[in-house]
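Computed from the coordinates by the stated procedures, all read-outs in this text should not be read as laboratory data. Computed from a predicted model, the values in this text were never measured in an experiment. Because the Cβ atoms are built from the backbone with ideal geometry, glycine has one as well, and the counts that use them run over all protein chains shown.
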């Protein structure tokens, strides 16, 4: 998966770059490791944000944190930092992970959305998939334009659907990758 | 649901009181509102932690935050603070919510665990249920002893199961309360 910090929307609907959040990295990496996600890309073109993300990862993967909490190391070592979605795709190809189908996620219904059950069936073929999650107010339009699929929003039982990106990632991993009872 | 900060285990397996975390309250309240959970109890006997939780809630429910982000208000107004699990049960009775079946959650398999599908069927009868989630290293033994049910751990596809309490709450709401496609 890729956690996109740019291009995303700000609260006014303008294209922006969001700040990297420590807890996004921890929560999403832990959920990713639990559900067998191969890599968590943190996408930001901002140098200071890349440095921040690297510092967090280094602390837990090779620094003091790795001895204090080895389980956290197993999670955070899934994280890779890239400038852009193109950078992610290039990195995946370089590592022999092939060219993935990209799946954009959204909290609002869109015309060409597909359901999680259908996506799970497609993913079961074993082809590489890259799930794109947006920080701030969600992915910018250009990401939807270029995505192979757009996943329908997570619906609870009310009209309210303001999940954190951490909650959304966790629920999507469970829906798409979990071995559910049913 | 109740987010238990005491009695929980610390990293050495001793009974402890965990600190209230701002993002736990936000993430869990947002997920709770999305899935129609009636209330999120924050359980801590520590006065300074209760004050901290109250300050967070006040900021978003009646303070500046409520104008900045009304959606956040809708979520955080679900939160109620109590000293103990007994306090939660008393408060529910006082509000006419009845006496709930309590469901303890855990990351480790235990002998009398039940699956989420079976629990979902039981909950469908409409009787009140109270889901108990532990912070820190999980709920203390006395909570399991007194719980009506113990929910099987969330399993991903690996042996790794170190989800944050925020992720675990989100996934459980989706499994137990969501209107899934399948």
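The listed peptides A:156-165, A:71-80, B:103-112, B:164-173, ordered by packing as a protection proxy, come out as B:164-173, A:71-80, A:156-165, B:103-112 (highest mean of other Cβ atoms within 10 Å first). Here segment B:125-182 was treated as a single set of alpha-carbon atoms; its pair distances binned every 10 Å from 0 give 17, 49, 30, 4 percent. For the segment B:88-100, counting C-beta atoms of other chains within 10 Å of every residue's C-beta and taking the mean gives 0.
Label point of residue A:19 (7 Å along Cα→beta-carbon): distances to the other copies' equivalent points are 1.8 nm, sorted ascending.
Remark: the Cα gyration tensor places segment A:80-182 in the oblate category, a/c being 1.5 or greater and a/b not exceeding b/c. The mean number of partner chain beta-carbon atoms within 10 angstrom of a residue's beta-carbon across peptide B:167-179 is 6. Cα centroids of segment A:34-64 and segment B:1-40: 26 Å apart.
If both residues of a DSSP beta bridge must be in the protein assembly as shown, then about 15% of such bridges are antiparallel.
Per-residue shielding of B:34-47, expressed as the average number of other chain Cβ atoms within 10 Å of the residue Cβ, stands at 2.
Spread over its residues, the convex hull of the C-alpha atoms of segment A:1-83 is 84 Å³ per residue. The fewest-to-most ranking of A:1, B:92, B:118 by surrounding Cβ atoms within 10 Å reads B:118, B:92, A:1. Take residue B:142, push a point 7 Å out from Cα through the beta-carbon direction, and compare it with the same point in every other copy: 5.8 nm, smallest first. Report summary: the helix-based calculation at 222 nm, which adds -39500 (n - 2.57) for every DSSP H run with n ≥ 4 and divides by the residues of chain A, gives -12000 deg cm²/dmol. The residues B:86, B:24, B:116, when put in order of fewest to most other Cβ atoms within 10 Å, stand as B:86, B:116, B:24.
The Rg/Rh ratio for the protein assembly as shown is 0.95, where Rg is the radius of gyration of the alpha carbons and Rh is the Kirkwood radius. Size descriptors for chain B, from the alpha-carbon set: Rg then Dmax equal 15.8, 48 Å. Where both bridge residues fall in chain A, DSSP classifies roughly 15% of the beta bridges as antiparallel.
Sorted from shortest to longest, the distances between the residue A:91 label points of this copy and the other copies are 4.3 nm, with each point 7 Å from Cα along the line through the beta carbon.
Indicate the gyration tensor shape class of segment A:97-142 (rounded, prolate or oblate), computed on the Cα atoms with a ≥ b ≥ c the square roots of the eigenvalues: a/c under 1.5 is rounded; otherwise a/b larger than b/c is prolate and the rest oblate. Because a/c hits 1.5 or more and a/b fails to exceed b/c, segment A:97-142 counts as oblate. Going from the residue with the fewest nearby Cβ atoms within 10 Å to the one with the most, B:28, B:114 rank B:114, B:28.
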